[in-house]
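Chemist: I have a structure I would like to understand better, so I am pasting it below and will then ask my questions one at a time.
Quick note: the coordinates plus some simple rules give every number you see, no bench work behind them. Please read all numbers here as calculations on a predicted model, not as lab measurements.
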């Protein structure tokens, strides 16, 4: 029952009660008591319904928060595992930079490095492209500032160690040399 209808009903009941003398009609007192019980019951219904709706909303919020927390925990764990794998990938890449030309063994190492890189990409881990980019402390960690005529000041000259991102989150910043 809406609040407006409830108020109209109360007004009608008061007018009816005033028009009937209580002493002349003994049923009137009993009727008044029943009307009061009904009003109390309706108030409790509204109160319980509001409490139930609040509980439902709180439960929905709890469930959403739990899902967010689980997803964040999953991403954090995934990031920690990837951090442990990255040094091995770095070593493979360094080994490939100094490999002898057309060595079958070195070609096998290159294949392993590519497979590892593909696995990381399939898990939404991406390399931060830094060479030539403007230095950004959110993605890069400067290990030196050097004068460079061919590169603008504040831009990355060289990447010493690749940085990686998991989705939109930086797992490891790129170690870079920056032009002065």
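Chemist: Helix 26-97 sits at what angle to the longest principal axis of the chain, using alpha carbons and giving 0 to 90 degrees rounded to 10?
Modeler: That works out to roughly 0 degrees.
Chemist: Measure nothing but the geometry: give the 0 to 90° angle between the long axis through the Cα atoms of 104-122 and the longest principal axis through the Cα atoms of the chain, rounded to 10°.
Modeler: Here the helix axis deviates by roughly 20 degrees.
Chemist: Another question, if that's okay. Specify whether the C-alpha gyration tensor of the stretch 124-180 places it in the rounded, prolate or oblate class, a ≥ b ≥ c being the square roots of the eigenvalues: rounded for a/c under 1.5, otherwise prolate if a/b is larger than b/c and oblate if not.
Modeler: Prolate is the answer for the stretch 124-180, as a/c is 1.5 or above and a/b outweighs b/c.
Chemist: Highest GNM mean-square fluctuation, the chain, Cα pairs closer than 10 Å: which of 44, 131, 64?
Modeler: 44
Chemist: Moving to a separate point now. Angle, helix 3-19 long axis vs. longest principal axis of the chain, Cα atoms, 0 to 90°, nearest 10?
Modeler: Once rounded, one gets 10 degrees.
Chemist: Return the percentage of antiparallel bridges among DSSP beta bridges fully within the stretch 124-180, rounded to the nearest 5 %.
Modeler: Counting only bridges with both partners in the stretch 124-180, antiparallel ones make up about 65 percent.
Chemist: Tell me the mean residue ellipticity at 222 nm calculated for the chain from its helices only (DSSP H runs of n ≥ 4, each -39500 (n - 2.57), averaged over every residue, nearest 500). Please list the in-between numbers first.
Modeler: On the way: 3 runs with 108 residues, N = 180.
After summing the helix terms and dividing by the residues of the chain, the value is -22000 deg cm²/dmol.
Chemist: I've got another one for you. Taking the chain as a Gaussian network, where each spring joins two C-alpha atoms under 10 Å apart, which residue of 150, 121, 168 fluctuates the most?
Modeler: Answer for the Gaussian network model of the chain: 150.
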